[in-house]
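Chemist: Handing you this structure, nothing more for now.
The values are calculated or read from the model by the stated rules, or taken from the named source; none is laboratory data. Here the structure is a predicted model, which is why all the values come from computation and not from measurement. Quick reminder, even Gly has a Cβ in these numbers, built from the backbone with ideal geometry, and neighbours come from all protein chains shown. When the accessible area is computed, the model is the full protein with side chains, heavy atoms only, and any ligands, DNA or RNA have been set aside. Shrake-Rupley method; radii C 1.70, N 1.55, O 1.52, S 1.80 Å.
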Amino acid sequence: MLIAHLPAGYIVSVLTYPMTARLQVECKTYLRCGMLGAVAPDFDMIYFYLVDGGMHPHHSYFSHFPLTWLLLVAAAAVYYRRSADRRLPMLALVFAGNGFLHMLLDYVASNIYWLAPFVLQPFSLTIVERVYQPWWLNFLFHRAFALEIAIVATALLIRQRRCALLKK
Ligand SMILES: [Zn+2]
């Protein structure tokens, strides 16, 4: 996925924020944590370019293993259950939840190692053929990009409506 991780994280964070009403979590902080989690798995690109030298696909790193994010969600949930002040655990939950969402969105048009680290077999909902250079043009011209546009459009619509509501 090229451009929709951040807006997808925004959508999920806005839609789940009302669930935090009793906790008095600041809205901006909650949205920032959610959006950071939505893009956090791709921080492994730094390792990919600076250390690995592009030798292995970055989706084969533990940072792109769904189990990593499920464990983080579980840890955040346990932290939430055991804390008297649930504001920080709630932020951890939205961060990790959106990290897992990143796995689902990457799976649409990229390889995700769903069974890793036990089985290193990549799975992808659709295959993006390598026809164009640079590589990202292949994703841009693939039908899966329509989903990305829909996510971005939805995020913009929600943002516009939220701004309109705040002005009233
Ligand atoms: Zn990714």
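Chemist: Hey, what's the stretch 5-167 come to in accessible area per residue, 1.4 Å probe, Å²?
Modeler: Working: 10200 Å² over 163 residues.
Spelled out: the 1.4 Å probe surface of the stretch 5-167, per residue, equals 63 Å².
Chemist: Between L15 and W114, what is the FRET efficiency for a Förster distance of 30 Å, r being their Cβ-Cβ separation, to the nearest 0.05?
Modeler: Values: r = 25 Å, r/R0 = 0.83.
Using R0 = 30 Å, I get an efficiency of 0.75.
Chemist: Same structure again: Normalised by the residues of the chain, what does the relative contact order come to in percent, with Cα pairs under 8 Å and at least six apart?
Modeler: 28
Chemist: Applying 1/(1 + (r/R0)^6) with R0 = 45 Å to the Cβ-Cβ distance of A146 and A84, what FRET efficiency is obtained, to the nearest 0.05? Working shown, then result.
Modeler: Working: r = 46 Å, r/R0 = 1.02.
Result of the calculation: an efficiency of 0.45.
Chemist: Normalise the Debye intensity by I(0) for the stretch 1-46, one equal point scatterer per Cα, no solvent, then take log10 at q = 0.21, 0.22, 0.31 Å⁻¹ and round to two decimals.
Modeler: Values returned for q = 0.21, 0.22, 0.31 Å⁻¹ are -0.67, -0.71, -1.09.
Chemist: Right, here's the next one. Among D106, D42, D52, determine the one that fluctuates most according to a GNM of the chain built with springs between C-alpha atoms less than 10 Å apart.
Modeler: Of D106, D42, D52, the most mobile in the Gaussian network model is D52.
Chemist: Loop-only check: which chymotrypsin sites (Phe, Trp or Tyr not before Pro) in the stretch 82-168 are DSSP coil with at most 13 other Cβ within 10 angstrom? Could you put the intermediate results ahead of the total?
Modeler: Working: sites: F95, F100, Y107, Y113, W114, F118, F123, Y132, W135, W136, F139, F141, F145; in loops: Y113, W114, F118, Y132, W135, F141.
Passing both the DSSP loop test and the Cβ count: F118, Y132, W135, F141.
Chemist: Something else about it: Along the stretch 154-161, what does the Karplus equation 6.51 cos²θ - 1.76 cosθ + 1.60 (θ = phi - 60°) give for ³J(HN,Hα), rounded to whole Hz, x for Gly and Pro?
Modeler: Those phi angles translate into 4, 4, 5, 5, 4, 4, 4, 5 Hz.
Chemist: Oh, and also: PRE reach from I127 (point 7 Å along Cα→Cβ): which of the stretch 52-82 fall under 20 Å by backbone N?
Modeler: So the set is 57-60.
Chemist: Now for a different question. Show R143, R82, R162, R87 ordered by accessible area, largest first, where the area counts protein heavy atoms only and the probe is 1.4 Å. Can you show the working numbers first?
Modeler: Details: R143 180, R82 200, R162 65, R87 110 Å².
Greatest to least solvent exposure: R82, R143, R87, R162.
Chemist: Let me ask you something else. Pop out the ³J(HN,Hα) list for the stretch 36-50 in order, Karplus 6.51 cos²θ - 1.76 cosθ + 1.60 with θ = phi - 60°, rounded to Hz; leave Gly and Pro as x.
Modeler: Whole-Hz 3J(HN,Hα) from phi for the stretch 36-50: 5, x, 5, 10, 3, x, 7, 5, 5, 5, 4, 5, 4, 7, 8.
Chemist: Rolling a 1.4 angstrom probe over the protein chains, ignoring ligands and nucleic acids, what is the accessible area of V73 in square angstrom, nearest 10?
Modeler: For V73, the solvent-accessible surface is approximately 40 Å².
Chemist: Averaging the inverse of every distinct alpha carbon separation and then flipping it gives the Kirkwood radius. What is it for the stretch 5-167, in angstrom units?
Modeler: 17.2
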